[in-house]
1. Please state the charge dipole magnitude for the chain, taken about the Cα centre, from unit charges on C-beta atoms (+1 on K and R, -1 on D and E), reported in debye and rounded to the nearest 20.
2. Can you work out the Karplus-derived ³J(HN,Hα) for every residue in segment 90-102? Use 6.51 cos²θ - 1.76 cosθ + 1.60 with θ = phi - 60°, whole Hz, and x for glycine or proline.
3. Would the chain count as rounded, prolate or oblate if I go by the C-alpha gyration tensor, calling it rounded below 1.5 in a/c and otherwise prolate when a/b exceeds b/c, oblate otherwise?
4. In 5 Å bins starting at 0, how do the alpha-carbon pair distances of segment 75-118 split up by percent?
5. Excluding residues on the same chain fewer than 8 positions from Lys51, give the aspartates and glutamates whose Cα lies under 19 Å from its Cα.
6. Ranking Glu56, Glu11 by Cβ neighbours within 10 Å, fewest first, what do you get?
Amino acid sequence: MDRAKLISRREVGELLNVTAQHVGVMDDRGQLPCASITFDSLGVKRGKQAKYYDRETILHWIYARNRKKLGATGQVTFQQIFAGHFEPMHIRRRYEIKRMRSRLSRPMTQIIRIKGDV
């Protein structure tokens, strides 16, 4: 296969805004749309093995993934921002844990009335 039609893990990571190691984990878990191809990075037998992917398939997958994240119109909506779709994962998890805690605890509320009110 021609190397011009291939994309490296580092490039995929830059497009996805993750590290190359995370792309490797995604590959191991089968989350990427195509299988990796192994080449020597230096072109010699003793060089370090590098993983490459089909450029066209990966770019279409990234485009579809970003479009799905943005919505059907391809534009960011107020609801998406307000719902926290673009927040980092650790912040989304923190708020999710807060919601679960409040759902499970169900604190008792007390109603205080002033003597003159009916």
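1. 620 debye
2. 5, 6, 4, 5, 4, 5, 5, 5, 4, 5, 5, 4, 5
3. Prolate, since a/c reaches 1.5 and a/b exceeds b/c.
4. Reading upward from the zero bin: 5, 16, 14, 14, 12, 10, 10, 8, 7, 4, 1.
5. Asp2, Glu11, Glu14, Asp27, Asp28, Asp40
6. Taking fewest neighbouring Cβ atoms as first place, the list is Glu56, Glu11.
Just so you know, all these numbers are worked out from the coordinates, no wet-lab data involved. Only a predicted model underlies this, so the values are computations on that prediction, with no experimental measurement involved. Methodologically, a virtual Cβ is constructed for each residue, glycine included, from the backbone with ideal geometry; neighbour enumeration extends over all protein chains shown.
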